[in-house]
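Okay, so here's the structure we're looking at.
We did not get these values from a lab; they are worked out from the coordinates using the rules stated. Since the model is a prediction, treat every value here as computed from it, not as a measurement. Note: ideal-geometry Cβ built from the backbone for every residue, glycine included; neighbour counts use all protein chains shown.
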Amino acid sequence: MPKNRPWPSLALRLWRIALLALAVLAIRRSHSPAAVALTVDRIHDFFPTAASLSPQNGMQAVKDASGITLGHVMQTSPEADDIIGYSGPTNTLIALDSRGKVLGLRILSSGDTTDHLAEVVRERAFFKQFTDKKAAELANLQPQAVSGATLTSSAIAEGVLRRLGKSATTSLRFPDAITLEEVKKLEPRAATLRESQAHPGSHEVLDEKGAVIALAVRTAPASDGTVGYKGPSDTFMLMDAGGTTLRGIALRRSYDTEQYVGYVTGDPVFLKTFDGMTTDKIAHIDFNAAGVEGVSGATQTSYGIAEGIRVRAESWLKENEARRSWWQQIRWRWQDSGHVAILLAALAMAFTPLRGRAWCRHLHHALLVIYGGFIAGEMLSQGLLAGWATHGTPWRNAHGLVLLAAVALLGPVFTSKQLYCHHICPHGALQQLLARRLPWQWSPSKAVDKLLSKLPFVLLALVLFSVTFALPVNLNALEPFDAYLFRVAGWASITIAIVGLLWSLFTPLAYCRYGCPTGALFKLLRFTGDGDRFGARDWLAALCVAFVLLLAPG
């Protein structure tokens, strides 16, 4: 009989990967993010006289007892549910005053870790950077993240900016959308309108054959802050099908003086001022240099309308810049560079003779503890992996960490080595540095060792059941990894870290052997060689996964 058995070996590896995928499927299926049902009581901090909430333009209008609109509130869910922080998305309440300025923010719910979220909530300056600004003013904001909770706070900020960007496509002052009748006045061939996916708030103009012949754009809400003589105006802009050239304009509605508005609408020369101009030219136009003249008797009103068209052309160009491919959305962080360096060092230690040199091992372990633990503080844990299984991975803003997780999960399957536990984990490295530093050592008996070594797998099963069935278990309190970030760490994590390290002075790698559920996951996936067979652990893991697949909600 040949010694090598490639097909059974490959089948066993694929089976273990498939089991992990099924567990993720069960977790994902049992969670469906949803916006929180708001009540008036929850917004009284922002609107003390609020009496009712009513839907309006994708938000909720806040009204007092007499029916006067005090402002609006909106939630970042579901629009921002795909923006993952450290381990999950966050649903944030955004309160706007009657002028459209941000009154404040409040966390409604979060799939992120409790400790990281608490650190963000404590940092009031983080929320203040959004207040007293309109959506247009926040378009170029570079939010300052919260130290110790960078991924969590960055995701919250990105969700707020995305939701405000979506709300910026609807105008509180000019709520009425463009109609087909309006479009036909400038484009008689128009048969139907279809919302533009590339430019939210605008519409594609289709002829009778269904071909796109133009784009229907309006200046509101980009021009809501542009005042003529007495108020802002909303102008309809008919653009070519490619959205590069303006074909014609028509005034839709204005808060300016009725008499002055009549002068403008009755001046065909002014209305044709921008015909044939590209959006780039309009966005950068100098009215004086271009010879743009106001309407006699309504100079301020006409210049206000012209400036509104220029502002909308400018925002149009920004929308085009924002339409980036997925790889252009990836943001590289200094931590990602560090993760790649750590990963390369781990591969060198695992697959070269360097691992046989004591000084090299100690230097590598010190690097892991100092950088990976106390500086970066981004370690794989059940709280992190369960959050990713539930909500998805933060591939856009933490791809170095995602790469590290991929190697940690697949390394044991295809290399038979515990790459993460032995060569990447800062807590494991610190235990190795402390190993055998005392003359007296304690080794448990075989029976005790066998019993204790089952504890990580029991904890792993607890994690699977608690996440799938939404049990009130703080996963970060089961492991010591948050202890390396003192500002966000809970007492449970700190206690587990200290006890585990003290124990490792007497029993090498005590926590890794008898307490780590994340290490247990890697052990379940590990293929140990040609002698590896489908065993009791595989059966028990399959039983647990089958249980949650059959009984999980969703």
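Between ARG537 and LEU452, what is 0.36 nm times their sequence separation minus the Cα-Cα distance? Round to one decimal in nm. Could you put the intermediate results ahead of the total?
On the way: separation 85, 0.36 × 85 = 30.60 nm, distance 1.52 nm.
Contour length minus Cα-Cα distance gives 29.1 nm.
Taking the simple approach of a point 7 Å from Cα along Cα-to-Cβ for both GLU258 and LEU367, what is their distance in nm?
Output for this residue pair reads 7.7 nm.
For THR235, which sequence-distant residues (separation of 5 or more, or a different chain) have an amide H within less than 5 Å of its own amide H, given hydrogens modelled in the peptide plane?
Result for THR235 returns THR219, ALA220, ARG252.
Could you tell me which of VAL205, THR301, SER223 has its Cα farthest along the dipole of region 180-322 towards the positive end, charges placed at Cβ (Lys, Arg +1; Asp, Glu -1), taken about the Cα centre?
The listed residue farthest towards the positive side: VAL205.
Quick one: angle between helix 491-504 and the longest Cα principal axis of the chain, in degrees between 0 and 90, rounded to 10, please.
That helix lies at roughly 30 degrees to the long axis.
Run the simple label-point estimate for GLU314 and LYS209 please: 7 Å along Cα→C-beta, distance reported in nm.
4.0 nm
Less than 17 Å apart at the alpha-carbon level, and either on another chain or at least 8 residues along: which lysines does that give for LYS281?
Once the sequence-local lysines are set aside, what remains near LYS281 is LYS272, LYS318.
Quick check: the angle from helix 536-551's long axis to the longest principal axis of the chain, C-alpha only, nearest 10 degrees?
Result, in degrees: 30.
Roughly how many nanometres apart are two label points built 7 Å out from the Cα toward the Cβ at LEU433 and PHE465?
Here the answer is 3.8 nm between the modelled labels.
Take the alpha carbon gyration tensor of region 180-322, find the square roots of its eigenvalues, order them as a ≥ b ≥ c, and report rounded if a/c is under 1.5; if not, report prolate when a/b exceeds b/c, else oblate.
The shape class here is prolate.
How large is the dipole of the chain about the Cα centre if only Lys and Arg carry +1 and Asp and Glu carry -1, each at its Cβ, rounded to the nearest 20 debye?
Result for the chain is approximately 2680 debye, rounded to the nearest 20.
Per residue of region 248-253, what does 6.51 cos²θ - 1.76 cosθ + 1.60 with θ = phi - 60° give for ³J(HN,Hα)? Whole Hz please, x for Gly and Pro, Karplus curve as stated.
Coupling constants for region 248-253: x, 10, 8, 6, 8, 7 Hz.
Which of the following values of mean projected area of the Cα convex hull in nm² was calculated from the structure shown: (i) 34.3; (ii) 27.8; (iii) 56.0?
Read-out taken from this structure: (i).
Could you tell me which residue out of SER109, LEU502, VAL463 lies farthest along the dipole of the chain toward its positive end? Charges go on the beta carbon: Lys and Arg +1, Asp and Glu -1, centred on the Cα centre.
The Cα lying farthest towards the positive end belongs to LEU502.
Rounding to the nearest 10 and keeping the result within 0 to 90°, find how far the Cα-based axis of helix 399-414 lies from the longest principal axis of the chain.
40 degrees
Once R0 is set to 25 Å, what does the formula 1/(1 + (r/R0)^6) return for the Cβ-Cβ distance between ALA125 and ARG487, expressed as a FRET efficiency to the nearest 0.05?
0.95
Once the Cβ-Cβ distance between ALA358 and PHE506 is put in as r, and R0 is 25 Å, what FRET efficiency do you end up with, to the nearest 0.05?
0.70
Scattering from the C-alpha atoms of region 330-551 alone, worked out with Debye: what is log10 I(q)/I(0) at q = 0.11, 0.16, 0.17 1/Å?
Log10 of I(q)/I(0), two decimals: -0.56, -1.27, -1.45.
I'd like to know how region 52-167 sits against the 2.2 N^0.38 Å rule of thumb: what's its Cα Rg over that expected value?
Rg over 2.2 N^0.38 Å, computed on Cα atoms: 1.05.
Karplus couplings for region 78-89 from phi (6.51 cos²θ - 1.76 cosθ + 1.60, θ = phi - 60°), rounded to Hz, Gly and Pro as x?
Once rounded to whole Hz, the list reads x, 4, 10, 5, 8, 8, 9, x, 6, 9, x, x.
Evaluate E = 1/(1 + (r/R0)^6) for SER445 and SER416, where r is the Cβ-Cβ distance and R0 equals 25 Å; express this FRET efficiency to the nearest 0.05.
With R0 = 25 Å, the Cβ-Cβ based efficiency is 0.30.
Under 5 Å between amide H atoms, partner at least 5 residues away or on a different chain: which partners does ASP81 have, H built in plane at 1.01 Å?
Long-range HN contacts for ASP81: none found.
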